[in-house]
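The values are calculated or read from the model by the stated rules, or taken from the named source; none is laboratory data. Computed from a predicted model, the values in this text were never measured in an experiment. So basically every Cβ, Gly included, is an ideal-geometry build from the backbone, and we count neighbours across all protein chains shown.
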């Protein structure tokens, strides 16, 4: 059973949004690997992508309000759209904080978390591609859940180390907040996966 028929535009818009998320997460990862000098440029590029993503979400909501019969429950479309919007917002906010707080050098754990964000984005893209092809959506959702658990371990360990080693209280606050943005972004990826799993169960 095809969850999102080809004639519907919702699939196209969802995939467009996850492609924007993938590009934003790729830019963030490249920037943190390259160092602080690259971050300002990346943050500007990610901000442009975030505005483009807002347009896609607006189109999704507009189409949802204009469509009498939707391929999946309207509530699920709304929840998927909102969760995807939160993911992209999280990537943009994380990049912005790294620049505005002048985090230099970038801690290795933040590079690791950026890698997890990029991996989540790839899994999201694969999951939405599977919708069109009636492929194995659940395995991608499970991978996102695994990545979220991995991120929890990295984030919690990093914050513990932060309180043990960071002597500057202002920098401690800044770093802790950036870790929280990473965590929220990856949690939003898991929110998308949870809605997708509900869609699969409803339509199985």
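Being in a helix (DSSP H, G or I), more than 21 Å from residue 198 (Cβ to Cβ) and at pLDDT 95 or above narrows it down to one of 115, 143, so name that one.
Step by step, each of 115, 143 is checked, and only 115 is in a helix (DSSP H, G or I), more than 21 Å from residue 198 (Cβ to Cβ) and at pLDDT 95 or above.
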Quiz item: Pairs, please: C-beta under 7 Å, at least 6 apart or cross-chain, first residue in contact (Cβ under 8 Å) with a residue 60 or more places away in the chain and in segment 155-175, second surrounded by 14 or more Cβ atoms within 10 Å (Cβ to Cβ)?
Solution: 174/101; 174/103; 175/103; 175/162; 175/166
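Of the residues 77, 106, only one is crowded, with 18+ Cβ neighbours inside 10 Å and outside any helix (DSSP H, G or I); which?
106
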Quiz item: Does segment 169-192 contain at least one residue that is more than 15 Å from the chain's Cα centre (by Cα), farther than 17 Å from residue 98 by Cβ and surrounded by fewer than 16 Cβ atoms within 10 Å (Cβ to Cβ)?
Solution: yes
Quiz item: Do we find a residue being assigned to a helix (DSSP H, G or I) and more than 18 Å from the chain's Cα centre (by Cα) anywhere in segment 42-57?
Solution: no
Self-check item: residue 157 vs. criteria at negative phi and either more than 12 Å from the chain's Cα centre (by Cα) or surrounded by fewer than 18 Cβ atoms within 10 Å (Cβ to Cβ) (or both)
Solution: yes
Quiz prompt | From 159, 178, 200, 195, residue being closer than 16 Å to residue 90 by Cα, in contact with a helix residue (DSSP H, G or I) (Cβ under 9 Å, 6 or more places away or on another chain) and part of a helix (DSSP H, G or I) | solution = 178
